[in-house]
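Working notes for the structure below.
The values are calculated or read from the model by the stated rules, or taken from the named source; none is laboratory data. Just so it is clear, the structure is predicted and the values come from calculations on it, not from any experiment. No Cβ is skipped: glycine too gets one built from the backbone with ideal geometry, and neighbour counts run over all protein chains shown.
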Amino acid sequence: MSFSIDTISQFINTYYLDPIRGDEGYNIVNTFTWAVVLGICIFGIYRLLEKLEVKITPKFIISLLPFVLAGSSLRVIEDSPAGIFHPPFSYLLITPNIYFLVFAITVGCLWISIRLQKAGLIKDFHLIFASFGLAWFSVNLITLLYFENVVASYVPLFVLGAGIGLTFTFYLIANHFKSSIFTDPLNLSILMAHLMDASSTYIGVDKLGYFEKHVVPAYLIDLTGTALVMYPLKLIIFIGVLYVLDTQFEDDERSSNLKVLIKLVILILGLSPATRNTVRMMLGI
């Protein structure tokens, strides 16, 4: 029994706790685990939004994006060599723990915004909800700029420019072939977020000496010798995913809402690392 407990303890430390304590990135075991947890959480979030009577409309998605920026910049604060946060609180700001923290804060702000609308104090909860996120993001940026210096101002210009330019090129091609799936605004937003992520990885790994922490991208970068491989990887994966989502889901309202929620999660999974990587490199962290 002692051997079994020690073995389990060593397994948990090696694949889950040590990567968090040392911010070592991902391995095959914890990558698979977090993917399963994410899948479970999607259905939990879906039920929560139903309970709050929130519909996942374009307006809601836009109001949520400031919280993605806030969460990503909060992660950069933890990365800062200035040591703004210390253990054990700093462990909350390391992936995947930070996702749960940001989720809890976001849901709290959403609940407050909805209650304000129901109390008749505001007409539309989306605006105040977005304002909470923008305020949080602003505080994070001010904190970072206070403790750190901008050393590579060209990085956000490159990431944004490459993401927008490649997405627009993709749109022109899709529009030429009259593909409604790949000219849809939400689908294009997802592609742009992930192409921005690919751009931030490329400039970070190939030009600035950073390294990739995720298992599959790290393997492909090592295999090809360049982070340019992230562009075809992102396009192949997400073109396939978006095609399946838009062709295999039923047309009823419940399935449609779940599909949009899955797309929202995919959007966040691209925008979040793109934002974090860009801010880190801009500040030389």
With the first residue restricted to region 127-143 and required to be within 11 Å of Ile62 (Cβ to Cβ), and the second required to be surrounded by 14 or more Cβ atoms within 10 Å (Cβ to Cβ) and aromatic (Phe, Trp, Tyr), Cβ contacts under 6 Å at 6 or more apart or on different chains are Gly133/Phe67
Restricted to region 243-285 and to residues being at pLDDT below 90 and of a type in the set (Lys, Arg), the residue nearest to Gly163 (Cα to Cα) is Lys259
When (1) closer than 21 Å to Lys51 by Cβ; (2) among the hydrophobic types (A, V, I, L, M, F, W, C); (3) assigned to a helix (DSSP H, G or I) are applied to Ile122, the one that fails is (3)
Per the filter on region 186-213, residues more than 17 Å from Ile268 (Cβ to Cβ), touching a residue at least 12 places away in the same chain (Cβ under 8 Å) and of a type in the set (D, E, K, R) are Asp206, Glu212, Lys213
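Quickly run through region 58-108 and pick out the residues that are of a type in the set (Val, Ile, Thr) and outside any helix (DSSP H, G or I).
Let us first name the residues in region 58-108 that are of a type in the set (Val, Ile, Thr), namely 61-62, 68, 76-77, 84, 94-95, 98, 102, 105-107.
Across region 58-108, the qualifying residues are Ile84, Ile94, Thr95.
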Within region 52-90, the count of residues that are under 23 Å from Ala274 (Cβ atoms), out of contact with any helix residue (DSSP H, G or I) (no Cβ under 8 Å at 6 or more places or on another chain) and free of Cβ contacts under 8 Å to residues at least 24 places away in the same chain comes to 0
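Can you confirm whether Arg115 is part of a helix (DSSP H, G or I), surrounded by 20 or more Cβ atoms within 10 Å (Cβ to Cβ) and basic (Lys, Arg)? Let's see the steps before the verdict.
On the way: part of a helix (DSSP H, G or I): yes; surrounded by 20 or more Cβ atoms within 10 Å (Cβ to Cβ): no; basic (Lys, Arg): yes.
It is false that Arg115 is part of a helix (DSSP H, G or I), surrounded by 20 or more Cβ atoms within 10 Å (Cβ to Cβ) and basic (Lys, Arg).
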Matching residues in region 238-285 (more than 21 Å from Ile62 (Cα to Cα), surrounded by fewer than 18 Cβ atoms within 10 Å (Cβ to Cβ) and under 17 Å from the mean Cα position of the chain (by Cα)) number 1
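When you look at Ala227, is it touching a Ser or Thr at 6+ places or on another chain (Cβ under 6 Å), free of Cβ contacts under 8 Å to residues at least 40 places away in the same chain and among the hydrophobic types (A, V, I, L, M, F, W, C), yes or no?
On the way: touching a Ser or Thr at 6+ places or on another chain (Cβ under 6 Å): yes; free of Cβ contacts under 8 Å to residues at least 40 places away in the same chain: yes; among the hydrophobic types (A, V, I, L, M, F, W, C): yes.
So Ala227 passes the test.
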